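One structure is given below, encoded as structure tokens.
What follows draws every value from the coordinates through simple rules; no lab data is involved. These numbers were taken from a predicted model, which means no experiment stands behind them. Backbone-built Cβ (ideal geometry, glycine too); neighbour counts: all protein chains shown.
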2 protein chains.
Amino acid sequence: MPQYAVTGCAGFIGSNLVSRLLADGHEVIGIDNFSTGRREFLSAAIKSPAFTLVEGDLLDTTTMDKALKGRSVSMVFHLAANADVSSGVLHPRRDLEQNTIATHNVLEGMRSHDVSRIVFSSTGSIYGEPDVFPTPEDAPFPIQTSFYGASKLAGEGLIASFCEAFGFQAWIYRFVSVLGEGYTHGHVFDFYRKLQTDPNRIEVLGDGNQQKSYMYIGDCLDGILLGVEKGTAPVNIFNLGLDDTIKVHDSLALIVDRLGLSPKVDYTGGKRGWVGDSPLIHLDCTRIRKLGWKPARSIDQGVLCTLDWLRDNPWVFEGRE
Amino acid sequence: MPQYAVTGCAGFIGSNLVSRLLADGHEVIGIDNFSTGRREFLSAAIKSPAFTLVEGDLLDTTTMDKALKGRSVSMVFHLAANADVSSGVLHPRRDLEQNTIATHNVLEGMRSHDVSRIVFSSTGSIYGEPDVFPTPEDAPFPIQTSFYGASKLAGEGLIASFCEAFGFQAWIYRFVSVLGEGYTHGHVFDFYRKLQTDPNRIEVLGDGNQQKSYMYIGDCLDGILLGVEKGTAPVNIFNLGLDDTIKVHDSLALIVDRLGLSPKVDYTGGKRGWVGDSPLIHLDCTRIRKLGWKPARSIDQGVLCTLDWLRDNPWVFEGRE
């Protein structure tokens, strides 16, 4: 039975992937430091004899040893990351450490234990503010605009170098924002939290016209696993996102309608929600679609099912500011 | 009088830049840890009252404090790097530390001391193995093939993020190989050293058909300073190289002819001299040429003047394997 390792196993995408892999009959070694991951997301997994949890920080180079030593792991899904994109400007070193140096440590751990296949969660943010929309994987060489994007780009570069030097094989996914069950950051989370505090007024970062493409977690996992199955190059790079976009204020309208509210909306103004925010992320996903990927849920459906999940799981807001 | 800081001031490009800046009447704060830099290259500079040497490692975050505190530095030329491209496969972490993490530390040091203009020595290696020759700055998004290129790409991303987040301005130069007085690594150095040991036989990495574009250090400095003078964008990216290329075996022919030798040449074979070597680096330098840059020396002239300098300075080989 193939063994898979999943870093960031208690995070949003990681925990959903663990559930999927276990359901598909695989053994899974999950790695997390629980800095932002939630133990609750693993409550089903830890009951499975096919799941092993390794608690550790990837900045500690022994963590990957603990996860890989004495096992026959066939692939590492490296999803651990600082996913707090908007506060990079407050903590430039955090992105460097958690997204770049941690990735180096994962790769070196793999090399030490003869594991050579890696899946990496990159981001559409690495295109910066592109001139081409929708943006393909081979868009003109971008200039970075966020610490998050820069740190993921650096991770991609490290991975590609390991492929060239040591015969690794990689599947790199540049995501739009992902949402769905287990989603604990981002605009739906923020809007719902704000509206719980004050149902009559909400502040929205930027002018509300930022356009984003949101992808449902189930569709995201389908794309990841399809790319791994069909991508045979040494370095396989795929955009993953929907073919349409939604404006932030339209997404807010969906949310307040579902909640039966009609708050006063205050926009902070400007094209960008935060320093390094992309006013428009819209990826050309032809490459993964040609392999047969077709997202099942629309952006609207994704936003609403995420909202419903947050309403059903008020505990995710506990301990948050 | 403007003060400039130069990291890697005892290295090949750094020490030549220090000489140029001093000759132009500027005050220079030089920073080096002398891991590969040579004190001999600063023998003229240290006699100048306009030069201050700060010895320190950029992985130590206090080094930039020492260099910038209490001064009014208007620009940092960040040239310190691990420039040993070919042995990245033996030391993947060295490129990460010396080219990526050190760059982060330089940027954070600058931010602490309100210095916001940075020049960065990047590399044509970040284009990996491109499909487009000559390769322009906005070539299709490349896949990295070397730890060196990946670590410099990561440095570029960090710098661009600081420009976006903190109002920095940057001039990033993607060089071909640079040679000339003070050159202490690379093919002319290696060939001459090998021929000193055995004038009758020389081993050449690869099949000798790798094509490279070599630029003379004086032309390189002209390009850097012109770009700084005329580049007004927040992030200015320039390729710097010659419009033609030379094959490795043709360069060797120049060298053995100048030395009056006719060694047997053994090629190790293969398109690449080492893992991550680019069989062809040929940059489109239209962008910097449009600003008026015109290299004064041809590749042949650069190779031969480098060889002559090495013959006149045998001490540079002392202490080398």
Any residue that is buried (at least 19 other Cβ atoms within 10 Å of the Cβ), more than 20 Å from the chain's Cα centre (by Cα) and farther than 18 Å from A:Gly155 by Cβ - is there at least one of those in region A:8-27?
yes
Name the single residue, out of those in region B:55-74 being surrounded by fewer than 18 Cβ atoms within 10 Å (Cβ to Cβ) and not in a loop (DSSP other than H, G, I, E, B), that is nearest to the chain's Cα centre (by Cα).
B:Glu55
Is there any pair with a first residue in region B:74-95 that is within 11 Å of another protein chain (Cβ to nearest Cβ) and closer than 17 Å to B:Ile159 by Cα and a second that is of a type in the set (A, V, I, L, M) and not in a loop (DSSP other than H, G, I, E, B) whose Cβ atoms are under 8 Å apart and which are 6 or more apart or on different chains, and what are they?
B:Asp95/B:Ala150
Residue match in region A:261-283 (condition: in a helix (DSSP H, G or I), within 25 Å of A:Ala150 (Cα to Cα), more than 18 Å from the chain's Cα centre (by Cα) and not basic (Lys, Arg))
no
Residues of region A:157-214 being in a loop (DSSP other than H, G, I, E, B), at negative phi and not polar (S, T, N, Q), in sequence order, are A:Phe168, A:Val176, A:Glu181, A:Tyr183, A:His185, A:Asp198, A:Pro199, A:Leu205, A:Asp207
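Could you please find all residues in region A:134-149 being assigned to a strand (DSSP E or B) and more than 7 Å from chain B (Cβ to nearest Cβ)?
Start the filter on region A:134-149 by keeping residues that are assigned to a strand (DSSP E or B), which leaves A:135, A:140.
Listed by number, the list holds a single entry, A:Thr135.
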Given (1) within 17 Å of A:Leu96 (Cα to Cα); (2) in contact with a helix residue (DSSP H, G or I) (Cβ under 7 Å, 6 or more places away or on another chain); (3) surrounded by fewer than 24 Cβ atoms within 10 Å (Cβ to Cβ), identify the lone condition not met by B:Thr103.
(3)
On the basis of being free of Cβ contacts under 8 Å to residues at least 12 places away in the same chain and not small (Gly, Ala, Ser), does A:Asp24 make the cut?
yes
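Test A:Ile126 against the stated conditions and say whether it is β-branched (Val, Ile, Thr) and not in a strand (DSSP E or B). Break it down stepwise before answering.
Details: β-branched (Val, Ile, Thr): yes; not in a strand (DSSP E or B): yes.
Yes; evaluated as a whole, the condition is true for this residue.
Output the residues belonging to region B:240-251 that are assigned to a strand (DSSP E or B) and within 11 Å of B:Ile281 (Cα to Cα). Spell out how you get there, then give the answer.
So the first thing to find is which residues in region B:240-251 are assigned to a strand (DSSP E or B), and the list is B:240, B:246-247.
Scanning region B:240-251 gives B:Ile246, B:Lys247.
Would you check which residues across region B:150-171 are more than 7 Å from chain A (Cβ to nearest Cβ) and either in contact with a Phe, Trp or Tyr (Cβ under 8 Å, 6 or more places away or on another chain) or not hydrophobic (A, V, I, L, M, F, W, C) (or both) and list them?
Taking region B:150-171 and keeping what is more than 7 Å from chain A (Cβ to nearest Cβ), we get B:151-152, B:155-156, B:159, B:162-163, B:166-171.
Correct list: B:Ser151, B:Lys152, B:Gly155, B:Glu156, B:Ile159, B:Phe162, B:Gly167, B:Phe168, B:Gln169, B:Ala170, B:Trp171.
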Note on region B:94-123: residues within 18 Å of the chain's Cα centre (by Cα) and assigned to a helix (DSSP H, G or I) are B:Arg94, B:Asp95, B:Leu96, B:Glu97, B:Gln98, B:Asn99, B:Thr100, B:Ile101, B:Ala102, B:Thr103, B:Val106
